Number of protein chains: 2
Amino acid sequence: MNNPALSDDRKKIGRGNYQNTTLGKGKPVSELKSGNSHLSASGRWVSYRSEIKVLDCTIRDGGLMNEHRFTDDLVKTVYSACVESGIDYMEVGYKADRKIFSKDAFGTWKFSTEDDIRRIAGKNKTGLKLSAMADTERTDYRNDILPKNQSVLDLIRVATYIHQIPGALDIVEDAHDKGYETSINLMSVSTVPEHELDSALELIARSSADYIYLVDSFGSLYSEQVHYLMRKYMKYAQPTGKTVGMHAHNNQQLAFSNTIEAIVHGANILDASMAGLGRGAGNCQMELLLGFLHNPRYKLRPLLKCIQETIEPIRKELLWGFDIPYMLTGLLNQHPRTAIEFNSGPDQGNLVKFFDQLLAEY
Amino acid sequence: MNNPALSDDRKKIGRGNYQNTTLGKGKPVSELKSGNSHLSASGRWVSYRSEIKVLDCTIRDGGLMNEHRFTDDLVKTVYSACVESGIDYMEVGYKADRKIFSKDAFGTWKFSTEDDIRRIAGKNKTGLKLSAMADTERTDYRNDILPKNQSVLDLIRVATYIHQIPGALDIVEDAHDKGYETSINLMSVSTVPEHELDSALELIARSSADYIYLVDSFGSLYSEQVHYLMRKYMKYAQPTGKTVGMHAHNNQQLAFSNTIEAIVHGANILDASMAGLGRGAGNCQMELLLGFLHNPRYKLRPLLKCIQETIEPIRKELLWGFDIPYMLTGLLNQHPRTAIEFNSGPDQGNLVKFFDQLLAEY
């Protein structure tokens with residue numbers, strides 16, 4: 001079938017938003033609406049949006065489940081799978097301050113020194129860009145983030161809570177001046193009052209950050225909230241040529257669907273991880289996302305191989321992934337830490353006890 | 001915050017669609033847009049849509065994973081949990097033709113005789129309505145579906161493929177004449193050509209069916225396809241006072257999110273199952289759905305108790321739930337049977353082998 005009326009109808013409901021292959025940084029929101037549809041007879045889209053980049057956060061977010069103690073072998077396997085799958089960025093870990101965090105209490109990827117990264121990636125002569133995350137107030141960024149010409153890192157992502165925005169922007173400017181791409185990831189947005197969020201986005205819009213991330217730390221957002229927040233983020237990001245990103249958690253089994261909703265509303269950089277490995281319920285699953293994106297640059301097979309041989313074997317030890325305790329913290333818009341504790345304690349599986357405990361503490 | 005401008009903005013993006021507590025059968029589509037928003041400061045909705053009904057298909061769809069061999073004890077526990085949780089309908093099983101299916105090859109809930117159901121529910125003097133499913137061409141409905149005044153069943157749901165619509169409508173009319181509520185569930189809609197779907201919906205709209213279900217048998221639909229199909233279903237259902245329902249599968253981890261999207265577009269009867277128990281990747285999880293709906297009629301605690309004590313203990317045997325083989329069949333818009341076979345065979349877990357096999361067979 002090639003029915004123009006049908007095709008128009010579909011454009012109206014936004015299918016074109018994903019289809020449009022010309023969407024890019026700095027386009028006004030209105031243009032997002034006018035997609036160029038290439039529909040198959042079954043109604044599934046067949047095209048892709050070439051501006052979209054994906055960032056693998058398997059090691060960085062997954063490290064929150066094992067104090068960042070991944071072996072070099074495992075990290076190398078993930079790195080190779082990212083290269084072979086055509087993934088755009090891989091985040092190797094945190095740049096944490098060694099004066100605040102002890103090397104005894106945390107593994108390699110809490111600190112991600114240049115030597116650590118080069119043991120994995122050498123000079124990284126690949127199509128994969130590398131990123132590290134700096135937590136505001138917990139990083140000695142002036143010393144530990146080297147000038148870009150001395151590092152194989154490409155992107156510095158700055159994680160911040162709403163009350164730390166000025167400190168986060170200092171890190172962004174420092175990294176930008178050193179020659180990196182930069183991102184600002186405002187965490188736990190589901191708990192940020194509206195007027196504070198507007199003020200923060202105004203400041204971020206004036207910064208040197210290349211990327212602004214919508215971060216659903218608690219996995220508590222539903223699609224209509226993602227739409228609302230994406231419109232807000234795009235409103236601030238687009239006039240200054242910044243790209244909006246999405247980082248979702250799977251507490252209510254909405255990490256993938258919320259990532260799709262962010263795409264439809266203009267997000268062009270997307271976090272995901274292999275088998276969803278990440279804190280608590282985990283992240284958007286990279287294998288689901290690449291399947292959706294339809295960009296021939298992305299290959300599913302090397303990803304599946306890595307998941308099968310390297311990621312699934314550590315699931316029993318790291319204990320990430322959707323389950324009902326995480327669902328309950330997501331539903332209550334809470335940090336998943338109580339669920340993480342519960343799941344590794346003696347009452348693991350006692351859903352009713354956890355439910356009663358959560359409501360009693362509420 | 002109580003900012004009218006904000007509230008208007010949110011209405012535009014559809015939050016009001018869920019909030020509106022006055023939506024009901026027969027309202028024109030345009031009214032779905034004008035929600036009555038009651039927003040909390042954090043932007044999460046606080047109201048609910050009272051017209052929405054939920055149907056528990058744990059035993060019926062879950063029966064596809066064990067030839068319908070649930071013990072009476074298990075079915076009684078699920079029944080009690082449905083009653084205590086305030087669930088609107090429970091589907092007990094199929095009304096399969098005993099001349100076609102042998103009682104040796106299938107358990108009780110393939111046939112769901114009146115005696116079977118009464119062993120569980122007695123005269124069912126509760127707020128829970130009971131339903132059974134009849135597969136078109138595989139049911140002796142004239143004999144096996146009793147007149148309503150001889151049965152504790154309330155609702156007969158007729159499952160049909162696109163080529164069986166006339167036969168399905170005969171069953172609907174028979175059940176309607178016998179005094180039941182009726183539903184028509186057109187399966188595998190993701191493979192139905194557009195013009196056939198339109199013809200089918202036209203016929204269904206003229207039938208006595210109370211409910212028309214959007215059924216994503218393969219778990220292959222994305223949100224924009226759900227929006228498109230829901231608009232189509234509503235267009236046919238509303239003028240004749242029928243209610244549209246949603247039955248989702250979780251192959252791409254979108255069963256819950258697609259159910260939400262159907263709600264936003266006007267679906268007022270929703271299938272879900274405890275812990276998602278259902279064929280292959282399973283269904284929308286009832287615990288996620290009740291958490292979303294915010295109707296004080298629904299109670300999460302008895303549901304969690306049943307999941308913990310009765311459903312999770314059989315997971316290892318029945319093997320339902322999201323995994324990557326189901327994701328791959330969903331992605332390819334295929335029936336999950338190859339994934340079900342693979343998952344219970346010697347190569348279980350060999351994702352790359354299954355991927356290669358699927359593409360070779362494609």
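May I ask which residue of A:ILE204, B:LEU290, A:LEU359 lies farthest towards the positive end of the charge dipole of the protein assembly as shown, with charges of +1 (Lys, Arg) and -1 (Asp, Glu) on Cβ and the Cα centre as origin?
Going by the Cα projections, it comes out as A:ILE204.
Could you work out [θ]222 nm for chain B from helices alone, using -39500 (n - 2.57) per DSSP H run of at least four and dividing by all its residues? Round to the nearest 500 deg cm²/dmol.
-11000 deg cm²/dmol
Using the count of nearby Cβ atoms within 10 Å as a rough guide to exposure, how do A:LYS148, B:LYS242 rank from fewest to most?
A:LYS148, B:LYS242
How do A:THR338, B:THR243 rank when sorted from fewest to most other Cβ atoms within 10 Å of their own Cβ?
Listing A:THR338, B:THR243 from fewest to most nearby Cβ atoms yields A:THR338, B:THR243.
Taking the Cα centre as origin and putting +1 on Lys and Arg beta-carbons and -1 on Asp and Glu beta-carbons, what dipole magnitude results for the protein assembly as shown, to the nearest 20 debye?
Charge dipole, the protein assembly as shown, about its Cα centre: 880 debye, nearest 20.
Which order do A:PHE256, B:PHE354 fall in if you start with the one that has the fewest other Cβ atoms within 10 Å?
B:PHE354, A:PHE256
Point me to the residue of chain B whose C-beta lies closest to the B-onto-A rotation axis, rounding the distance to whole angstrom.
B:SER257, 2
What's the center-to-center distance, using Cα atoms, between the range A:51-84 and the range B:308-362 in Å?
25 Å
Restricting to chain B, compute how many DSSP beta bridges are antiparallel as a %, nearest 5.
Here the share of antiparallel DSSP bridges comes out near 5 percent.
Would you work out which of B:GLY278, B:TYR213, B:THR240 lies farthest towards the positive end of the dipole of the range B:211-307? Charges go on Cβ: Lys and Arg +1, Asp and Glu -1.
It is B:THR240.
Only Lys, Arg, Asp and Glu count, each charged at its Cβ (+1, +1, -1, -1), so figure out the dipole size of the range A:53-314 about its Cα centre, rounded to 20 debye.
Here the range A:53-314 has a charge dipole of around 620 debye.
Bear in mind that the values in this text are calculations on the coordinates, not laboratory data. Owing to the predicted nature of the structure, the values given are computational and were not obtained by experimental measurement. Note that each Cβ is placed from the backbone with ideal geometry, even for glycine, and that neighbours are counted across all protein chains shown.
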